[in-house]
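Working notes for the structure below.
The values are calculated or read from the model by the stated rules, or taken from the named source; none is laboratory data. The shown structure was predicted, so the numbers you read here are calculated from the model rather than taken from an experiment. Here the Cβ positions follow ideal geometry from the backbone for every residue, glycine too, while neighbour counts run over all protein chains shown. Accessible surface is based on the protein model in full, side chains and every heavy atom, while ligands, DNA and RNA are left aside. Shrake-Rupley method; radii C 1.70, N 1.55, O 1.52, S 1.80 Å.
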Amino acid sequence: MKTSTAISTRISIFSLLLMTLSFAASAAVTPTLKNVGQGSMSWLFMDIYQVALFSADGSYQPGQYPQALSINYQRDISKNALLKATRQQWQKLSVDKELYSPWLQKLSKLWPEIKDGDNLTFLVADNGHGNFYHNGTWLGRIDSPAFSEAFLSIWLSPRTSEPGLRRQLLGERR
């Protein structure tokens, strides 16, 4: 029993260290923001990504910016798969199609193909405009507070499809 507990503790410490190191690319983008919470997304025993939420004071307040969401991918994901998943999440959240259709067109021009180990960070400025960074390099901006709110809602809305991950991002214990 002691051996399995020690191994489990070592694995947990190692996982935490890897997660901390993997957010290094986002640190360059979000140097003054504080971590609110972090978690990981898995599907059928496959790790998809690790994600962290940052804010000015280390707490989450909807619509209070700046905020950043930093995603570290643990597998290759095509741009088309990202766009499709984003569209599906907005549909589940009842975002108006007339809003998200042009946003998806903009994202298709901004987002790259994702490789295992890549970081994609979404930084929302004080004015609500959103900036995307890939491995610390600026990709572009979408000047729409409505877009920023809708994009963050994929993870942070009470109606998200991943409530456990939302709790982790908000720093809630449970």
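Accessible surface area normalised per residue over the range 95-168 is 49 Å², counting heavy atoms of protein chains with a 1.4 Å rolling probe.
In this structure the amide hydrogen of GLU162, modeled in the peptide plane, comes within under 5 Å of no amide hydrogen from residues 5 or more places off or on another chain.
Pop out the carbon and sulfur fraction of the accessible area of the range 28-174 as a percent, whole number, probe 1.4 Å. The value for the range 28-174 is 48 percent carbon and sulfur by accessible area. Measure up LYS79/LYS115; LYS84/LYS106; LYS92/LYS115; LYS34/LYS115; LYS84/LYS109 against 18 Å on the Cα-Cα distance and list the ones that go over. Listed pairs above 18 Å: LYS92/LYS115; LYS34/LYS115. Converting phi to 3J(HN,Hα) with the Karplus coefficients 6.51, -1.76 and 1.60 and the offset θ = phi - 60°, the range 135-147 yields 6, x, 9, 5, 9, x, 10, 10, 7, 8, x, 5, 4 Hz in sequence order, with x at every glycine or proline. When each of the peptides 63-69, 150-156 is scored by how many other beta carbons lie within 10 Å of its residues on average, the order from highest to lowest is 150-156, 63-69.
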